[in-house]
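The values are calculated or read from the model by the stated rules, or taken from the named source; none is laboratory data. Because the structure is a prediction, the values reported are computed rather than measured. When we count neighbours, we look across all protein chains shown, and the Cβ atoms used for this are built from the backbone with ideal geometry, even at glycine.
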Amino acid sequence: MSDTTALPLTAEDLLELDQLAAELTKRMAAIEADKERVDEIKAILRGRLPRGTHNTGSHQVLVKAGSRRLNATRLTTAYPVVEHPELYRPVIDTTAVKTHLAPVDLAQFQDAGTPTVEVK
C-alpha cells in the first residue's frame, strides 16, 4: 500500500487544515474529559449498588459481575507442559520469524493498517 501524493497546498488549504487540526485537538480533549467522567460515574454506581437491576427514578441501572478470565500463568504453574501436553498447542513465534526471514520475504505476510492522524 502506498501513500497518496499530496498536491501543493495553498494558503487557504493551510488555514482550513490548521482549523481542522485545532478542532480535532479540542474535540479529543473533550472526549477524554467525558471518558474520565464516565469512569468516575460508573465507579460511584458500582460502589453504591450491589449486582442486579436497580430503579433510580427515571432510569434503570444494571450492575453486572465482572468477567472471569483464566490466569494463564497460574495454570501453567499448576499444569506444566511436560505433565499435561494435551493442554498446550504450538504457535508460531513472530519474533523469531522476523529474525530469520529477509524483509523482502516478510513483506508478503504483512498487512497494512489504516494510516493514523496525530496532531501536536
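Here are a few things to note about the model shown:
- Yes/no for ARG27 being in a helix (DSSP H, G or I) and free of Cβ contacts under 8 Å to residues at least 12 places away in the same chain: yes
- Taking the listed residues GLY52, GLY57, the one that is without any contact (Cβ under 8 Å) to a residue 12 or more places away in the chain and touching a strand residue (DSSP E or B) at 6+ places or on another chain (Cβ under 7 Å) is GLY52, with no other qualifying.
- Considering the conditions (1) charged (D, E, K, R); (2) assigned to a loop (DSSP other than H, G, I, E, B); (3) surrounded by 10 or more Cβ atoms within 10 Å (Cβ to Cβ), ARG68 is excluded by exactly one of them, (3).
- The numbered conditions (1) among the basic types (Lys, Arg); (2) surrounded by fewer than 10 Cβ atoms within 10 Å (Cβ to Cβ); (3) more than 30 Å from ARG27 (Cβ to Cβ) are all true for LYS120 except (3).
- Residues of the range 84-93 that are surrounded by 10 or more Cβ atoms within 10 Å (Cβ to Cβ) and over 17 Å from THR73 (Cα atoms): ASP93 alone.
- Among the residues examined, GLU23 does not qualify as of a type in the set (D, E, K, R) and within 20 Å of the chain's Cα centre (by Cα).
- Among the candidates LEU49, LEU87, LEU15, LEU45, residue that is in contact with a Phe, Trp or Tyr (Cβ under 8 Å, 6 or more places away or on another chain) and at pLDDT 95 or above: LEU87
- A single entry from PRO115, PRO80 fulfils the requirement of being out of contact with any helix residue (DSSP H, G or I) (no Cβ under 8 Å at 6 or more places or on another chain), assigned to a loop (DSSP other than H, G, I, E, B) and either among the β-branched types (Val, Ile, Thr) or loosely packed, with under 10 Cβ neighbours inside 10 Å (or both): PRO115.
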